[in-house]
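Novice: Have a look at the structure that comes next, please.
The values are calculated or read from the model by the stated rules, or taken from the named source; none is laboratory data. Keep in mind it's a predicted model, so treat the numbers as computed, not measured. Here the Cβ positions follow ideal geometry from the backbone for every residue, glycine too, while neighbour counts run over all protein chains shown.
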Amino acid sequence: MTLTNQQQITMLRKMWLIRYFEEAAIRLNGEGLYRGSTHPYIAQEATAVGVVAALKPGDKALATYRGHGAYLAMGGDPSRGLAELLGKETGVCKGKGGSMHLSDVSLGFMGSNAIVGAHIPIAGGVALSQQLDGTDNVTVCFFGDGASCEGVFYETCNMAALWNLPLILVVENNEFAISTHVSKAVCVPDISIRAQGFGFPGVTIDGREVDAVYAAATDAVQRARQGGGPTLIEAKTVRWTRHSAVSAGGYGSGSDGEKWRQTDPIPRYQAALVSRGILTDVEVTAIEAEARAAIDDAARFAVNSPAPSLDALTTDMFA
Ligand SMILES: Cc1ncc(C[n+]2csc(CCOP(=O)(O)OP(=O)(O)O)c2C)c(N)n1
């Protein structure tokens, strides 16, 4: 499936939106405007954007605490997203979810999850519901290389294969689980090989190459829509400097800590669109400036929004 020029421009826009959203999140967190941590998706934008470009209405996605990118790729509103991070009433979960529990069911973004691996079986259940409803919709589950070592991942792979579920498992191998390098936790060269043990396809791609991500996702989605069952896509990528805005953990400091810039997916895709004659240098600059301005507006909206009232404390609560 070939993307139109407009679709390619939209992918670039979304990547910039995610980049500036995350920079704002780090800044607001540093200013003490919200509690807890925040896990930047910086340097990984091409993966969520490329995968989501292969989806259609009715498809669903789930992500980890590093899930702001997936939320925005699914069409999440940046203002309500930043307001959620700040625990504000105008947040997409009315301020009760925060950075690690964003969700917008109306967009098919079924939620991000702070417990490593916990959303993988939930994604299997979402895919099962799509199958039982007789739709041709699919579910995408984003998770990390560390999560691919959790038992629930293997159980979900097994059941998804047995039941032919329309599930696309996207492992974002950013080389680290906090401070543990993938080579100390995974004994195969490519995590995608693990799919062979369950009898479904696994593919490894460069997660910083949005076109490659889109192509792999399109194959997986088409197979799932036609009843061909699950696929494991390993997107090899590089993590932002640290595990989270407030923790150390990871690779080096100084120039080594900025290693991700060497393979930054955004300049790479911009250059591709210019060389294809889809955008000029001036248009590329304008797209970046628009994204930055949209996030500045979103941050103002979030900061100026009211905190939830005390009356709202127990509404929407199940316990
Ligand atoms: C079940 C569980 N164990 C441990 C943690 C602590 N923890 C939070 S993030 C993380 C690393 C996960 O790494 P990975 O799955 O590779 O994802 P990444 O953060 O690199 O995106 C760990 C161990 C947790 N939140 N949940």
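Novice: Kindly establish whether S37 is in a loop (DSSP other than H, G, I, E, B), of a type in the set (S, T, Y) and either within 16 Å of the ligand (Cβ to nearest atom) or more than 21 Å from V284 (Cα to Cα) (or both).
Specialist: Criteria met by S37.
Novice: Run E31 past the list (1) within 16 Å of the ligand (Cβ to nearest atom); (2) more than 14 Å from the chain's Cα centre (by Cα) and report the number of the one that doesn't hold.
Specialist: The failed condition is (1).
Novice: Filter region 6-34 down to the residues that are in a helix (DSSP H, G or I) and over 19 Å from L273 (Cα atoms) and list them by number.
Specialist: Across region 6-34, the qualifying residues are Y20, F21, E22, E23, A24, A25, I26, R27, L28, N29, G30.
Novice: Moving on. Just to verify a result, which residue in region 122-146, among those that are closer than 13 Å to T64 by Cα and either of a type outside the set (V, I, T) or at pLDDT below 95 (or both), is surrounded by the most Cβ atoms within 10 Å (Cβ to Cβ)?
Specialist: F142
Novice: Additional query: Among what's in region 125-151 and is within 16 Å of the chain's Cα centre (by Cα) and under 22 Å from H243 (Cβ atoms), pick the residue that is farthest from the ligand (Cβ to nearest atom).
Specialist: Looking at residues that are within 16 Å of the chain's Cα centre (by Cα) and under 22 Å from H243 (Cβ atoms), I get C141.
Novice: Can you name the residue in region 147-190 that is β-branched (V, I, T) and more than 17 Å from T204 (Cβ to Cβ) and is also surrounded by the most Cβ atoms within 10 Å (Cβ to Cβ) among such residues?
Specialist: It comes out as T156.
Novice: Please list, ordered by residue number, the helices (runs of 4 or more DSSP H) wholly in region 203-319 having 3 or more residues that are farther than 30 Å from D190 by Cβ.
Specialist: Per the criteria, 281-304.
Novice: Where in region 64-149 are there helices (runs of 4 or more DSSP H), lying wholly inside it, with at least 2 residues that are under 22 Å from T315 (Cα atoms) and touching a helix residue (DSSP H, G or I) at 6+ places or on another chain (Cβ under 9 Å)?
Specialist: Once the helices (runs of 4 or more DSSP H) in region 64-149 are filtered for at least 2 residues that are under 22 Å from T315 (Cα atoms) and touching a helix residue (DSSP H, G or I) at 6+ places or on another chain (Cβ under 9 Å), what remains is 78-85.
Novice: Of the residues in region 180-238, how many are within 15 Å of the ligand (Cβ to nearest atom), charged (D, E, K, R) and farther than 25 Å from R268 by Cβ?
Specialist: Result for region 180-238: 2.
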